[in-house]
Amino acid sequence: MSFARVIGTGGYLPEKVLTSAELEKMVDTTEQWIISRTGVRERRIAADHERTSDLAERASRAALDEAGISPQELDLIIVATTTPDHVFPSVACLLQDRLGIHNGGPAFDIQAVCTGFVYALDVVNRFFLTGASKKALVVGAETFSRIIDWTDRNTCILFGDGAGAVVLEAADEPGIVSTHLHADGKYHELLSVPMGVSANYEQVLKGEAYTQMRGSEVFKWAVKALGDIVDETLLANSLEKSDIDWLIPHQANIRIINATAKKLDMNMNRVIVTVDRHGNTSAASIPLAFNEAVRDGRIQRGQKVIMEGFGGGFTWGSILLVY
Ligand code: COA
């Protein structure tokens, strides 16, 4: 049996910074309201010419450099995204081509909104456990700004664009230790873009495919789900809260992150936070935060990390890994 072990991480943020102060000029809000209710000071917005695949490629190349392997060695590519370049082909196939990989290995996208990266790591882990993959690239990449109504103050203050990537290799030592995925479609209306190819397509054609959200209901659900999923992860592995070195929560709102950390008695200096500078980058938020904390030396080899995500669907889940 092989573990999926992270051997490289990478991240990419578009150059354009949109501060919460600038949003005051766009919608009826204040910088102070945004920072106090969400913790978001600024977020990055992709340039008009930048697509999700461009962000994914930049993050992937950084992760491959760090891993010290050639793209040709990859036998699996999974991209988690809700904002793909096209209906099809997948971003993963576009990325495979950009990286010059023509070895016939599988490449596909996963759509679980903000839990997408966690879902992707679960899937890649199963490939490793069965021996079907030995070196894989997993990316979370979003141009979420494209599905935001920039006149809606309820949503536009929260989200940003970016991409994060990890390269994993089969190893005898852990690795991904356990994965925990959940969904409950009963709540699909609380957070959605309720239009697409086979529903309300005329709104897509008019460029009105926007995120809709019942914020305070999503908030309550997220706090509960993110707290419960860590308890589930600890129980499944017979671990205590104090055994965990780092928590990497989905970066939706600093108040959700604080509430989860409090529930777990986790000091905030063991929680990786990027929401202040990135906003909510959906599937990219966890790998971007992971990359930042690995590169600045906070997360060290051998340490136990829990990643946890929550998103539209609802979907939620966690990963326990030893870095
Ligand atoms: N600026 C100023 N006022 C705003 C505002 C803004 N950007 N957005 C909403 N408001 C107003 C509301 O209209 C409401 O006014 P009212 O009381 O006159 O009706 C008031 O602020 C309170 O709204 P409420 O929705 O209760 O605020 P909140 O404390 O729940 O904060 C969110 C709103 C969106 C920041 C918060 O609910 C949240 O973060 N939810 C989770 C969203 C999320 O993470 N989604 C992605 C999950 S992956």
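The values are calculated or read from the model by the stated rules, or taken from the named source; none is laboratory data. What you see is a predicted model, and the numbers here were worked out from it, not measured in a lab. Please note: Cβ atoms are built from the backbone with ideal geometry, for glycine as well, and neighbour counts cover all protein chains shown. Accessible surface areas use protein heavy atoms only, side chains included; no ligands, DNA or RNA. Shrake-Rupley method; radii C 1.70, N 1.55, O 1.52, S 1.80 Å.
Overview of results
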quantity	calculated
Residue count for segment 137-182, restricted to those that are away from the ligand (no atom under 15 Å from the Cβ), among the polar types (S, T, N, Q) and farther than 28 Å from Gly302 by Cβ	1
Qualifying residue in segment 122-141 (condition: open to solvent by less than 40 Å² (accessible area, probe 1.4 Å), in a helix (DSSP H, G or I) and either on the phi > 0 side of the Ramachandran plot or touching a Pro at 6+ places or on another chain (Cβ under 9 Å) (or both))	no
Any chance Glu232 is open to solvent by 60 Å² or more (accessible area, probe 1.4 Å) and within 23 Å of the chain's Cα centre (by Cα)	yes
Residue satisfying all of: in segment 267-299; of a type in the set (D, E, K, R) and in contact (Cβ under 8 Å) with a residue 60 or more places away in the chain; most open to solvent (accessible area, probe 1.4 Å) among these	Arg295
Matching entry among Leu239, Leu226, Leu247, Leu264 (being on the phi < 0 side of the Ramachandran plot, in contact with a His (Cβ under 8 Å, 6 or more places away or on another chain) and open to solvent by less than 60 Å² (accessible area, probe 1.4 Å))	Leu226
Of all residues making up segment 174-193, the number that are over 18 Å from Gly116 (Cα atoms) and open to solvent by less than 80 Å² (accessible area, probe 1.4 Å)	3
Entirely in segment 243-301, the helices (runs of 4 or more DSSP H) that have 3 or more residues that are within 16 Å of the ligand (Cβ to nearest atom) and closer than 23 Å to Ala46 by Cβ	275-278, 285-295
Meets criteria (at pLDDT 95 or above and either outside the structural domain of Glu142 (by TED's automatic domain parsing) or of a type in the set (Phe, Trp, Tyr) (or both)) for Leu168	no
Test: Gln96 is out of contact with any strand residue (DSSP E or B) (no Cβ under 9 Å at 6 or more places or on another chain) and either assigned by TED's automatic domain parsing to the domain that holds Phe117 or under 25 Å from Asn154 (Cα atoms) (or both)	no
Of all residues making up segment 194-212, the number that are open to solvent by 50 Å² or more (accessible area, probe 1.4 Å) and not in a helix (DSSP H, G or I)	8
Only listed residue being surrounded by 22 or more Cβ atoms within 10 Å (Cβ to Cβ) and either in a strand (DSSP E or B) or touching a residue at least 60 places away in the same chain (Cβ under 8 Å) (or both), chosen from Ala170, Ala165	Ala165
Every residue from segment 209-237 that is of a type in the set (Lys, Arg) and more than 9 Å from the ligand (Cβ to nearest atom)	Lys224
Condition met for His188 (under 30 Å from Ile34 (Cβ atoms) and outside any loop (DSSP other than H, G, I, E, B))	yes
Verdict on Val197 being touching a residue at least 24 places away in the same chain (Cβ under 8 Å) and not assigned by TED's automatic domain parsing to the domain that holds Ile157	yes
Search result, residues across segment 26-51 that are within 16 Å of the ligand (Cβ to nearest atom), open to solvent by less than 100 Å² (accessible area, probe 1.4 Å) and under 21 Å from the mean Cα position of the chain (by Cα)	Thr38, Gly39, Val40, Glu42, Arg43
